[in-house]
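These notes concern the structure reproduced below.
The values are calculated or read from the model by the stated rules, or taken from the named source; none is laboratory data. All values derive from a computational prediction rather than experimental measurement. Positions of Cβ are backbone-derived with ideal geometry, glycine not excepted, and every protein chain shown enters the neighbour counts.
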Amino acid sequence: MTTMTSRERVQHAMSLRKPDRVPLMCQFSIGAMMNLLRPSPAEFWYDGRLFSIGLVELCERFSFDGILVSLHGHSPDWREKIISFKQMSEGKQELTFEDRVEIHSWDDLPLVKYNNKIQRPSIDTIDVDKDVPDNIEYIPVSQDLYFIIDKEHPFDIFDYIKELTGDKYSIHGEITSPFDYLLDVLGYEEALMSLIMNPDKCKEILAKFAKGVGDLAEKMCDYDIDAIKISSPFAGMGFISPEHYSEFVLPYESEIISRIRAKGKHSYIHTCGHIDDRLELMRDSGTSGLECLDPEPVGNVDLGNAFGRVGDQLFIKGNIDSVNSLLYADDSKAENDILKIIETGKEGKGFILSTACSIAPKVTAERLHMLYNLVKEHGKY
């Protein structure tokens with residue numbers, strides 16, 4: 001088989017066709033990116049061009065076959081809303097805005113303190129027409145941490161990356177599950193209780209978010225990307241039952257996936273932790289693939305078992321334990337863990353070697369170089 005480009009390699013795997021070798025494409029946590037690049041942390045978070053350069057640099061440094069664009073909608077005027085910008089120490093900055101103070105550092109995600117506590121409606125008081133937006137204007141990155149999508153520049157970052165890479169790599173966008181937006185709007189405890197106490201109102205909220213996220217995804221598909229990842233980290237066994245997954249997650253993600261697939265792009269669902277009891281439900285969404293499939297002890301998915309159950313219809317992207325195999329293991333264990341995953345993955349129809357979830361912030365560059373060395377030597381079909 002002739003040598004493929006990185007983009008062709010990933011495209012083949014997502015289409016359940018054998019490439020020349022197993023593709024390698026991990027997603028970076030913000031903490032990992034900060035640790036490896038050591039940029040000005042606030043500028044890296046807010047500046048779309050700087051963020052693009054960092055994504056491409058890391059992809060090239062570690063010989064990955066694709067790039068996940070985890071943030072989009074960077075505003076070119078982001079500095080205008082800052083009241084003060086303070087350099088606290090090397091790798092740590094304090095930004096003051098009208099409504100909040102943010103601490104950006106090389107450690108991980110920004111820490112945010114609002115001047116006033118965020119007031120969330122209850123399920124009984126929320127007005128779906130007024131309190132749930134028609135258009136998706138933000139990414140709920142973490143609890144009370146938001147990345148605002150600039151209405152005039154929602155997808156500039158894909159043009160930036162294409163300028164830097166051309167057609168070499170497989171570029172993937174990212175959107176967030178309607179279920180995450182429900183949790184964000186109501187608060188985690190209120191939302192989870194409301195699934196039982198007021199399911200019909202929850203479904204109204206989810207339906208409106210599904211429409212907005214689907215609109216966003218369709219517009220993202222107009223750019224030269226190969227796939228869109230649906231981030232759905234709270235849909236695993238640790239949060240909801242398979243029955244609630246079927247009722248409150250599956251229909252709404254399925255709606256979005258059908259719109260992505262109609263635009264000729266692949267989609268894949270990213271759900272962390274324990275998902276062994278819902279692999280078939282996730283397959284039934286119509287998705288092209290699944291990401292994470294965390295092994296024990298972080299999750300409960302056996303890769304070989306997963307391929308046997310859903311691998312005829314889905315590509316699988318995973319399932320290296322970033323903490324116990326890459327961060328804490330000695331070299332021998334790390335290598336053995338990854339080799340086992342490569343060999344198992346090669347038996348499936350479509351496989352992309354990746355960390356199960358994001359690369360942990362303190363994983364070393366040496367360990368990431370090891371991934372490519374192993375897949376280059378042992379990943380050929």
For this session: Report yes if some residue within the range 289-302 is in a loop (DSSP other than H, G, I, E, B), under 27 Å from residue 4 (Cα atoms) and at pLDDT 95 or above; otherwise report no.
Result: yes
Seminar exercise, completed: Taking the range 142-163 and keeping only residues that are surrounded by fewer than 18 Cβ atoms within 10 Å (Cβ to Cβ) and of a type in the set (A, V, I, L, M), one is left with 145, 148
For this session: All but one of (1) surrounded by 20 or more Cβ atoms within 10 Å (Cβ to Cβ); (2) more than 19 Å from the chain's Cα centre (by Cα); (3) free of Cβ contacts under 8 Å to residues at least 40 places away in the same chain hold for residue 22, so report the exception by its number.
Result: (3)
Problem set entry | Only listed residue being farther than 19 Å from residue 25 by Cβ and among the charged types (D, E, K, R), chosen from 337, 312, 294, 321 | 312
For this session: Six or more apart or on different chains, Cβ under 7 Å: which pairs go from a residue in the range 173-192 that's modelled with pLDDT of 95 or more and assigned to a loop (DSSP other than H, G, I, E, B) to one that's charged (D, E, K, R) and surrounded by fewer than 22 Cβ atoms within 10 Å (Cβ to Cβ)? Could you list them?
Result: 187/120
Exercise. Does the range 56-77 include one or more residues that are at pLDDT below 95, in a loop (DSSP other than H, G, I, E, B) and over 20 Å from residue 138 (Cα atoms)?
Worked result: no
Exercise. Can you tell me which residue in the range 110-131 is modelled with the lowest pLDDT, limited to those that are assigned to a loop (DSSP other than H, G, I, E, B), more than 20 Å from residue 75 (Cα to Cα) and touching an Asp or Glu at 6+ places or on another chain (Cβ under 8 Å)?
Worked result: 118
Exercise. Can you name the condition, by its number, that residue 118 falls short on among (1) among the β-branched types (Val, Ile, Thr); (2) surrounded by fewer than 19 Cβ atoms within 10 Å (Cβ to Cβ); (3) within 20 Å of residue 241 (Cα to Cα)?
Worked result: (3)
Problem set entry | Positions within the range 343-359 being surrounded by 21 or more Cβ atoms within 10 Å (Cβ to Cβ) and either assigned to a loop (DSSP other than H, G, I, E, B) or of a type in the set (A, V, I, L, M) (or both), in sequence order | 348, 350, 352, 353, 356, 357, 358, 359
